[in-house]
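A short worksheet on the structure shown next.
Just so you know, all these numbers are worked out from the coordinates, no wet-lab data involved. Note that the structure is predicted; figures quoted are calculated from it, not measured. Ideal geometry is used to build each Cβ from the backbone, glycine not excepted, and the neighbour counts take in all protein chains shown.
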Amino acid sequence: MKEVVVGSSVSRSFGDFAHTIKEAVDRELPRWLAPHVAKAKELGGTAFAVSDAIAQFVTRGGKRVRPVLMGAAFEAYGGQSAMEILPALLSVELLQAYLLIHDDWMDEDEVRRGGPTVHVALREHFASSRAGEIGAVLAGDLAMGYSLTALLETRTTPDRLAEATRELARMQVEVVAGQVLDVYHDGKVETVHDLKTTSYTVRGPLLLGASLAGASASQKAELEAFAQPLGLAFQVRDDLLGTFGDPRKTGKSAAGDLQQGKRTALVQELLAADRSGEDRALVERVLGIKDAPAADVARVLERLATARPRVEARLSALLDESRAHLARMDLREEARTILAGAVSALGERER
């Protein structure tokens with residue numbers, strides 16, 4: 001991939017832009033965290049263990065989708081270069097770390113990004129499962145504190161920073177609300193997806209970037225209209241990949257979402273079309289049961305395949321809706337090109 005400079009006048013693809021942002025975030029995250037981890041070390045071994053677990057986790061990799069979208073919106077609405085708001089780009093990665101650390105603990109996941117999840121790493125450090133769980137809760141809380149600290153280090157005007165902070169708070173409130181509905185199986189699946197995924201994966205980062213660029217209320221409203229279907233499409237694509245994607249690319253088994261009890265778009269569509277009640281009874285024997293009989297799991301996967309065309313049609317409709325909103329937005333052509341690339345990258349990805 002060619003070398004590009006974010007904010008240059010050279011025409012860029014979404015891939016070029018994303019690559020540059022990802023490189024910057026990967027480079028700066030460990031630098032930003034280093035003094036915070038060092039300060040924790042001064043407090044003692046336990047504080048260091050928790051802070052270092054965050055650093056080990058967030059610097060292990062990741063797609064960096066959220067800072068890419070934030071940077072794209074910042075430049076789309078007048079920012080010269082996404083590098084001007086680098087601390088804010090780090091902020092959304094630290095927000096994601098907070099959410100993933102808690103999510104992994106609640107789901108009892110042992111591996112994330114090719115290494116141990118934070119509660120597992122701390123369980124091994126403290127030689128205690130209970131201490132590992134407590135440490136993970138505290139690590140998530142600390143990561144959220146780091147997220148806010150990074151955002152507040154962004155150099156911009158007080159009014160823009162205040163608006164961006166409101167957007168960060170909105171992201172946190174919405175995603176936690178979505179997690180509550182998800183954990184207790186309450187609320188419509190698409191409502192859960194909107195709160196739990198769209199809020200902090202697409203809508204929130206875009207609005208954060210626009211806020212830091214000084215976008216008007218009407219510009220942010222049109223951006224939110226673009227982001228809403230795209231965020232849902234991102235989750236629908238995730239659901240499809242979780243069941244039908246190549247495990248070598250996704251890192252997930254076809255039965256993983258079922259065993260974790262996820263009420264995916266596929267499960268929702270299968271149950272919505274169930275008139276006899278047979279599919280519902282079958283799903284209930286598998287959903288959220290990690291040691292469910294292999295024959296039952298295989299049968300549910302077969303039934304989910306019948307729902308796949310309808311879910312794929314829903315995905316296409318959501319992407320078309322997002323593209324239609326983008327076509328009506330008043331943007332420079334380069335910004336439009338980058339956001340159009342984001343639609344394809346998020347909604348048509350293979351992993």
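Using a cut-off of 14 Å between beta-carbons, work out the net charge of the residues near VAL173 (Lys and Arg +1, Asp and Glu -1, VAL173 not included). Write down the numbers at each step before the final one.
On the way: positive: ARG166, ARG170, LYS196, ARG203; negative: GLU167, GLU174, ASP194.
Value of the local net charge: +1.
Using the Karplus curve 6.51 cos²θ - 1.76 cosθ + 1.60 with θ = phi - 60°, what ³J(HN,Hα) values do you get for each residue of the range 336-351, in whole Hz, with x for Gly and Pro?
5, 4, 5, 5, 5, x, 5, 4, 5, 5, 7, x, 10, 5, 9, 7
Pairs LYS41/LYS196; LYS262/LYS290; LYS22/LYS188; LYS63/LYS252; LYS63/LYS290; LYS63/LYS249: which exceed 23 Å Cα-Cα?
Working: LYS41/LYS196 34 Å; LYS262/LYS290 12 Å; LYS22/LYS188 34 Å; LYS63/LYS252 16 Å; LYS63/LYS290 28 Å; LYS63/LYS249 13 Å.
Among LYS41/LYS196; LYS262/LYS290; LYS22/LYS188; LYS63/LYS252; LYS63/LYS290; LYS63/LYS249, the Cα-Cα distance tops 23 Å for LYS41/LYS196; LYS22/LYS188; LYS63/LYS290.
Under a 5 Å amide H to amide H cut-off, with H placed in plane at 1.01 Å, what residues pair with ARG112 once short-range neighbours are removed?
For ARG112, the qualifying residues are THR117.
Could you run the Karplus curve 6.51 cos²θ - 1.76 cosθ + 1.60 with θ = phi - 60° over the range 157-170 and give me ³J(HN,Hα) per residue in whole Hz, x for Gly and Pro?
So the J values, rounded to whole Hz, are 6, x, 5, 5, 5, 5, 5, 5, 5, 4, 5, 4, 5, 4.
Report the full-extension gain for the segment ASP320 to HIS185: residue separation times 0.36 nm, less the Cα-Cα distance, to one decimal in nm.
Working: separation 135, 0.36 × 135 = 48.60 nm, distance 2.93 nm.
This chain segment gains 45.7 nm when fully extended.
Between ASP296 and LYS41, what is the FRET efficiency for a Förster distance of 56 Å, r being their Cβ-Cβ separation, to the nearest 0.05? If you can, show how the numbers build up before the last one.
Details: r = 50 Å, r/R0 = 0.89.
The value I calculate is 0.65.
How big is the Rg/Rh ratio for the range 12-215, C-alpha atoms only, Rh by Kirkwood, two decimals? Write out the running numbers ahead of the final one.
Numbers: Rg = 16.9 Å, Rh = 17.3 Å.
Radius of gyration relative to Kirkwood radius: 0.98.
May I ask for the net charge around ALA131, where only other residues with Cβ less than 12 Å from the Cβ of ALA131 are counted and Lys, Arg are +1 while Asp, Glu are -1?
Numbers: positive: ARG123, ARG130; negative: GLU124, GLU133.
Neighbour charge sum, excluding ALA131 itself: 0.
Output the peptides 50-63, 92-105, 152-165 sorted from most to least packed, where packing is the average of other Cβ atoms within 10 Å over each peptide's residues.
Numbers: 50-63: 19.9, 92-105: 23.1, 152-165: 15.2.
Averaged packing, sorted descending, gives the order 92-105, 50-63, 152-165.
If I model a spin label as a point 7 Å beyond the Cα along the Cα-Cβ vector, how far apart are those points for ALA131 and ARG275 in nm?
Those two pseudo-labels are separated by 6.0 nm.
Evaluate Rg over Rh across the range 216-351, taking Cα atoms for both radii and Kirkwood's formula for Rh. Walk me through the intermediate numbers first.
Numbers: Rg = 17.7 Å, Rh = 16.3 Å.
Taking Rg over the Kirkwood Rh, I get 1.08.
Give me the Å³ per residue figure for the convex hull around the C-alpha atoms of the chain. Numbers along the way, then the final one.
Details: hull volume 47.2 nm³, N = 351.
It comes to 134 Å³ per residue, whole-number rounded.
Please report, in cubic angstrom per residue, the volume enclosed by the convex hull of the alpha-carbon atoms of the range 172-288. Before the final figure, lay out the partial values.
Values: hull volume 13.9 nm³, N = 117.
Hull volume over Cα atoms, normalised by residue count, gives 119 Å³.
On a C-alpha basis, how far is the centre of the range 74-153 from the centre of the range 262-300 in Å? Whole number, if you could?
Here the answer is 32 Å between Cα centres.
In nanometres, what is the gap between the two model label sites at ARG31 and SER253, each 7 Å from Cα along Cα-to-Cβ?
4.2
Let me check the size of the range 83-189 from its C-alpha atoms; what are the radius of gyration and Dmax in Å?
For the range 83-189, the Cα radius of gyration and maximum Cα-Cα distance read 15.8, 47 Å.
Can you compute the helix-only [θ] at 222 nm over the chain? Use -39500 (n - 2.57) per DSSP H run of at least 4 residues, normalise by all residues, nearest 500 deg cm²/dmol. Write down the numbers at each step before the final one.
Values: 16 runs with 253 residues, N = 351.
The helix-only estimate for the chain comes to -24000 deg cm²/dmol at 222 nm.
Run the dipole for the chain about the Cα centre, Lys and Arg Cβ at +1, Asp and Glu Cβ at -1, nothing else charged, and hand back the magnitude in debye, nearest 20.
Working: 44 positive and 50 negative charges, 83 e Å.
Using only the charged Cβ atoms, the result is roughly 400 debye.
Please list 3J(HN,Hα) in residue order for the range 270-287, calculated via the Karplus relation 6.51 cos²θ - 1.76 cosθ + 1.60 where θ = phi - 60°; whole Hz, with x for glycine and proline.
4, 6, 5, 8, 7, 9, 8, x, 5, 5, 4, 5, 5, 4, 5, 7, 10, 4
How far is it, in nm, from the label point at THR157 to the one at GLU312 when both lie 7 Å from their Cα along the line to the Cβ?
4.9
Taking the convex hull of the Cα atoms, report for the range 233-293 its projected area averaged over all directions, in nm².
Numbers: hull surface 17.5 nm².
If you wrap the Cα atoms of the range 233-293 in a convex hull and average its projections, you get 4.4 nm².
How would you rank 331-340, 108-117, 273-282, 218-227, highest first, on the average number of other Cβ atoms within 10 Å across their residues? Working shown, then result.
Numbers: 331-340: 17.0, 108-117: 15.0, 273-282: 12.2, 218-227: 19.0.
Sorting 331-340, 108-117, 273-282, 218-227 by mean packing, highest first, produces 218-227, 331-340, 108-117, 273-282.
Over the Cα atoms of the range 196-237, compute the convex hull volume and normalise it per residue, giving Å³. Show your work: numbers first, answer last.
On the way: hull volume 2.0 nm³, N = 42.
Residue-normalised Cα hull volume stands at 49 Å³.
Taking the Cα centre of the chain as the origin and placing charges on Cβ (Lys, Arg +1; Asp, Glu -1), which of ALA335, THR243, VAL267 is farthest toward the positive end of the dipole?
In the chain, that residue is ALA335.
Based on the mean of other Cβ atoms within 10 Å per residue, sort peptides 296-304, 35-43 so the most packed one is first.
Details: 296-304: 17.3, 35-43: 13.4.
Result, highest mean Cβ count within 10 Å first: 296-304, 35-43.
Using the Cα atoms of the range 260-316, I'd like the radius of gyration and the largest Cα-Cα distance, Dmax, both in angstrom.
Rg, Dmax (Cα atoms, Å): 11.1, 34.
Please get the size of the charge dipole for the range 12-215, origin at its Cα centre, with Cβ charges of +1 on Lys and Arg and -1 on Asp and Glu, quoted in debye to the nearest 20.
On the way: 21 positive and 27 negative charges, 92 e Å.
Charge dipole, the range 12-215, about its Cα centre: 440 debye, nearest 20.
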